[in-house]
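What follows is a set of notes on a single structure, which appears directly below.
All of the numbers you see were taken from the coordinates with simple rules; none came from a lab. Predicted model, so just to flag it, every value in this text is computed and none were measured. Every residue, glycine among them, receives a Cβ derived from its backbone with ideal geometry; neighbour counts consider all protein chains shown.
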Amino acid sequence: MSSPYDGKPEDEWKNITTQLINDHPLKSDQIVETILEVWDWIFESKIGSFIIGRDILPSPQIMSFLLHELIALKLTHDDPSLWKKGVNSDEKDLVCLTNDMFSIEIKASSDKKHVFGNRSYAQPSSTSRKSKSGYYLTINFQKFPQQPPVGHERPKINMIRFGYIEHTDWIPQGSPSGQQSRLSPSVYENKLCILYQLESLKK
């Protein structure tokens, strides 16, 4: 698919993103409900007699993994004729069975507002790898404090965004050894739409 933003000035990007989201079969309220429900599931889970969030405090990497897995599994369970969890290297995290253009890459981070990719996201995809351009669902969540006090509040979802990002939007680290890539403020502003935000972040 050619870029929907090609030849369009930046001040039109937000309207293009809004249209792309409106065209998508997964609707915004369903996205938010699914993620918040999955987040609750994590804290209702236990391993043996040990409860996640009380006895087990997973690292941000593990919480991100759980979100990736459970979001895809939940949506696949709810509508198996439309969605499946991506399992192959050339598949997005959530695969749309009726039109691969609507497949979604999921990014989760314990950073308050930003998400990150590895360096390869800033490079064009080879034919054997999944496309780095397309629909993205991004989730920012709070991490556990290193030594949480007794009766501490459980971490919350800070922000949920949905939109369309291209491989050229990812900026690789300048160092040759850097393995991370980031997004510019313009991409956050114009190519990702905030679907949910913690009240304290709106101030």
(request) Out of all DSSP beta bridges with both ends in segment 10-201, state the antiparallel percent to the nearest 5. (result) 75
(request) Choose one of PHE162, SER49, ILE194: the residue whose Cα lies farthest towards the positive end of the charge dipole of segment 10-201 (beta-carbon charges +1 Lys, Arg; -1 Asp, Glu; about the Cα centre). (result) SER49
(request) Give, rounded to the nearest 20 debye, the magnitude of the charge dipole that the chain has about its Cα centre when Lys and Arg contribute +1 at Cβ and Asp and Glu contribute -1 at Cβ. (result) 580
(request) Would you kindly derive the ³J(HN,Hα) couplings of segment 161-169 from the backbone phi angles with the Karplus curve 6.51 cos²θ - 1.76 cosθ + 1.60 (θ = phi - 60°), listing them in order in whole Hz, with x for Gly and Pro? (result) 10, 9, x, 10, 10, 10, 4, 6, 7
(request) Determine one quarter of the surface area of the Cα convex hull of segment 10-201, which equals its mean projected area, and express it in nm² to one decimal. (result) 12.8
(request) Only helical DSSP H runs with n ≥ 4 go in: add -39500 (n - 2.57) per run for the chain, normalise by residue count and round the 222 nm mean residue ellipticity to 500 deg cm²/dmol. (result) -8000 deg cm²/dmol
(request) Just rank SER81, SER28, SER184, fewest to most, by other beta-carbon atoms within 10 angstrom. (result) SER81, SER184, SER28
(message) Over the chain, with a Gaussian network built from C-alpha contacts below 10 Å, which listed residue (ASN22, ASN140, ASN158) shows the highest mean-square fluctuation?
(response) ASN22
(message) Just to verify a number: FRET efficiency for GLU189 and SER49, C-beta to C-beta distance, R0 = 35 Å, to 0.05?
(response) 0.15
(message) Placing +1 on the Cβ of each Lys and Arg and -1 on the Cβ of each Asp and Glu in segment 10-201, which of TYR136, LEU94, SER64 has its Cα farthest towards the positive end of the resulting dipole?
(response) SER64
(message) Cross-link candidates for LYS84: which aspartates and glutamates have Cα within less than 15 Å, leaving aside residues fewer than 8 places away along the same chain?
(response) GLU69, ASP93, ASP100, GLU105
(message) Taking the number of other C-beta atoms within 10 Å as the exposure measure, put LYS143, LYS130 in order starting with the fewest.
(response) LYS143, LYS130
(message) If neighbour count is taken as other Cβ atoms inside 10 Å, put ILE31, ILE62, ILE52 in order from fewest to most.
(response) ILE62, ILE52, ILE31
